[in-house]
1. When residues of segment A:236-250 are filtered for being open to solvent by less than 30 Å² (accessible area, probe 1.4 Å) and either within 11 Å of another protein chain (Cβ to nearest Cβ) or hydroxyl-bearing (Ser, Thr, Tyr) (or both), how many remain?
2. Suppose the filter is of a type in the set (D, E, K, R) and surrounded by 14 or more Cβ atoms within 10 Å (Cβ to Cβ); does B:Arg182 pass it?
3. When the residues of segment A:98-111 are narrowed to those that are free of Cβ contacts under 8 Å to residues at least 60 places away in the same chain and among the aliphatic types (A, V, I, L, M), which ends up surrounded by the most Cβ atoms within 10 Å (Cβ to Cβ)?
4. In segment A:121-132, how many residues are more than 7 Å from every other protein chain (Cβ to nearest Cβ) and either open to solvent by 20 Å² or more (accessible area, probe 1.4 Å) or free of Cβ contacts under 8 Å to residues at least 12 places away in the same chain (or both)?
5. Determine, yes or no, whether C:Val75 is in a helix (DSSP H, G or I), within 14 Å of chain A (Cβ to nearest Cβ), under 30 Å from C:Asn256 (Cα atoms) and open to solvent by 20 Å² or more (accessible area, probe 1.4 Å).
6. Filter segment B:131-152 down to the residues that are open to solvent by 40 Å² or more (accessible area, probe 1.4 Å) and over 19 Å from the mean Cα position of the chain (by Cα) and list them by number.
7. Any idea how many residues of segment A:146-160 are open to solvent by 40 Å² or more (accessible area, probe 1.4 Å) and modelled with pLDDT of 85 or more?
8. Give me the helices (runs of 4 or more DSSP H) completely within segment C:189-304, filtered to those with at least 3 residues that are at the interface with chain B (Cβ under 8 Å from one of its Cβ atoms), of a type outside the set (Asp, Glu) and surrounded by fewer than 24 Cβ atoms within 10 Å (Cβ to Cβ), ordered by residue number.
Amino acid sequence: MMSGRLRSLAGWAAAFLGLSAVSFVMASYPLELYQKMLLVVTLAIGFNFLFGISGQIAFSHIAFYGIGAYAVVILSHRLGLPLAVALAGAVAICALLAAVVAIPATRLEGFYLALATLAFAQLFIVAVSAGGKLTGGDEGISGYQLPPLFGAKLAGAAYTPVIVFVLLATLGLILRFDRSWFGRACRAVRDNPLAAQAMGVDVARTKIVVFVLASTLAGVAGMAYAFLNNFISPPIFELDRIFELLFMIVIGGTGRHAGAVAGAILLYSVQFAVEPIVGKFHPLIYGLVVVLVILFAPKGLMGLWDAAAARVRASRGRAP
Amino acid sequence: MAELGELLVSAVAAGCIYGLMALAYLLILRPTGIINFALGEWAMLGAFAAVAASGDLLLPALQLPHAAAFAVVLVVTGLIGALVEVATVRPLVERGAPLLSPILALLGVLVVGLQVGTLVGGTEALPSPPPFGFRRVELGPFAGTPQSYYTIAVTLGVFIAAWVFFERTIWGKRFEAVAINRRAAALMGINLRQVGLLAFAASGMVCGVVGMLAAGASGAFYQMGLPLAIQGFTALVIGGVGRVEGALLGGLILGLVEALAARYLPIPPTLVLGVPLVLLILFLLVRPTGLLKAREGGA
Amino acid sequence: MKVSGTLIRLTAGAVAIAAVSTLPALAADPIKIGVITDETGRAAFYAQPVTEGVKLAAKEINAKGGILGRQIELVIEDDGGKPDVSATKARKLVDAGVVAFISNSSSPATQQAETVSLETKTPHITPANSGETLATELKNPYFFQLGPLASTQIKTLMSYTRTRKFKKVAVVGDNSGLSKIIADVFEKSLKGNGIEVAVAEIIPMGSRTAVPQMQKVRAAEPEAIFQAGIVGPQMAQFFQAYHQLGMKQPILASFNLSIPSYLKVAKDMMEGVAFIDAYDPDKPKTKEFIALYKKEHGDEPFSLPGYGYDGLHFIADAIVRAGSTDKEKIRAAMASTKGWSGVMGAKGATVNLSDEDRRGFDPEGAVVRLIHNNNHGPAIHSGTK
């Protein structure tokens, strides 16, 4: 038991060190892609929990990414609060807003929830664009940066550990929730809310907790993003990004953490790889692939992987 | 009150577009339960088809008169609807996939549609000539452009046809039967495949009407799809998904609220953008089934 | 012995290759210059034509032997109009070894790419962006803005209308980022000059009509309307509502109306509209550019390709003056540009830069043109005097 926990702790530590260290050998463009990819993976894990595991079609995930980013920057650089206060305050704002949205919205079914959260996401953009000096309006906020930590400037590769920490914390937290009775409750609510209710699950409360958790985690990822490029503006958090995120989950394998990670890594890096060939039309390929995946491989990459692994095991079993 | 007359005409014309989009959703939603968010892109493709038919895109030699261009647009968008149904929706429905699957697949279709539209149409706004030109036309206390009156007239025509279809034709009854109980309808001998195909094709054609009217008003634009999809759904939520008249009512209410807010609400213009969104959220929270209830029972 | 045909062909080929490889111009490494453009996003319809101008200039310079004996190689990246992608692409360009790069996408995208040019100490220009704070928000000595500032535009429009002594005007735009930036500057400048802005309206993208907004404008009884919009359908709706509501106020527009595509979508509705341009088709240098562009593309150029064309020529000139492709030397040469003139700008306008002020567009260099018969008319006014 003890060695098991130590082993898993060592595993997390190794992952943290490995994911951070590898960034120090990268040139600045691959480094930027890598760091942004880690953030996208973080968002995907949270969104998969919200949509894949708990069945909530919420289009507000990217908006909360933005709310986290804007909250921490406004609190620390427009209102001059110390960074620690700004970080805590931003988390609180995300959680509060998520609760305000979740309490009425989770009563809605299926695509109605999608639409309510879509409207909320649009309202966020409208509010930020109309925010004048406070939010920087359409031009956004730039020219700020993190204060040095123990004398070390957290920029470039040195910023990667922060992102990796957010990624691993998000993954760890979600895995914790998922592997407990709560995770089973989420799946029950997703598959059959009436049955879940009958079994004693507080459906409304479950939905709200999931929404607040996932959205707040997206907000924390947003805070990490804010100090990556030291520039935030409304177009970064626009609606088409949520379709991308959704596609990542579907192609990776809806409901699977590994699927979210695989889907995010694949779709994020492939667009830069195929750019010389298909150029600007990678969304076209993604859209087509999503349709094909839904039609022919509905369990996504993880489903294909599982099927392949099962065949390998079966063939091994048959060997004398 | 001449001002109100002007405002009402343009608000009603806008509301008609929203109502048509809502109808397009409804035509698919009722028999299949599927929300087709790609409808906005279908309207955009229809708009570019309208521009092409009048010779301003791809085929300069083609300069069809309005009625012929309209027919072309309807055929194009109807085919798009039918193709999408056969290729992406039917396989999923027939294998019993959960409702979410076709909805997600249609989001993929949305992205594909948007990209194809951008490739074909380019990033500039392209006009197609309005059939009755442009000028100020006064009808009693009302004043509008010929295109806005035309839009209202066409919309009324489409809605009357839709109402007759649902209330008076055998196909309409089949749609309703499938909407009420799919399995029972199949057991009674209704061909589910045909209903699905017709629903998607009809929805496509209604999007084509929107595209045609919009292209004649302010041009075809590669980014016009998403706003139309959202406006259509807002109208649907306001009016209620149960009845054809609900779609039009929802559209008109949205158009009027938008216009009155923009004209009379004393808030800065940057916040007026939020009014339709707030309206949608309000309805979703307070009355998600919309204003008009579905007719209960029926023979 | 008969010499085989293949052998003869091989030898001929080898001789040809040897001959070609001794040509000095092709022997040296190309000079890489980056371009960030928007090919599919919100800014595509104004970024792409600018990029075409850049390409034309590169072709022209290369045909004349290149710069410092080396050919220019353009490395073009697409940011989709997204500021964060623009920063990533800027990094890609720098890693690919560009000595300088050009930002043709939206002003916010350029602003974000600046974080990269500052960090990597790479010369960075925008030939067409008019964002007011691009060169001042971030203290970036590597960034130079050649586009006409929104403030220069409104000052030029105000001087053009000085004799008409407007006391009360309206500002109308749409809710795109660029339009709001321009409208904001217009409003501030007008108010700063003692002119009352009775109403500032926004026609949202996705609108089906501009009648409510224009009714509000009409009710405020302005003496003129300043147009800061850019998105095509909303521009069409603006002009339709203007005519439909029987409005007669003069319309004075930003440099966005120098894009000819509105003449199609708002056909016959723009007669007499005055707009800002930095492009005077009667200027000798501009006439040469028009001839060159027509030869290459077959149709008439307008402001946007002109900006791009000037942008690349500006960089080439700086490299020549620096005498090297060292980024610091190029930057220093750019920062000491005095009296440079290109296709853009009124007759006699020059581009001047310094370390203190990296906005090069001549404050007197904007012109006012009128739309007549669905065409852009000649420049009828220039400068702010």
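The values are calculated or read from the model by the stated rules, or taken from the named source; none is laboratory data. Keep in mind that what you see is a predicted model, and the values were worked out from it rather than measured. Glycine gets a Cβ as well: all are built from the backbone with ideal geometry, and neighbour counts include every protein chain shown. Side chains included, ligands, DNA and RNA excluded: accessible areas come from the protein's heavy atoms. Shrake-Rupley method; radii C 1.70, N 1.55, O 1.52, S 1.80 Å.
1. 9
2. Considered against the rule, which asks whether it is of a type in the set (D, E, K, R) and surrounded by 14 or more Cβ atoms within 10 Å (Cβ to Cβ), B:Arg182 comes out as yes.
3. Here the residue is A:Leu108.
4. 5
5. Criteria not met by C:Val75.
6. Matches in segment B:131-152: B:Pro131, B:Phe132, B:Phe134, B:Arg135, B:Arg136, B:Glu138, B:Leu139, B:Gly140, B:Pro141, B:Phe142.
7. Total satisfying the criteria: 0.
8. Of the helices (runs of 4 or more DSSP H) lying wholly inside segment C:189-304, those with at least 3 residues that are at the interface with chain B (Cβ under 8 Å from one of its Cβ atoms), of a type outside the set (Asp, Glu) and surrounded by fewer than 24 Cβ atoms within 10 Å (Cβ to Cβ) span C:211-219.
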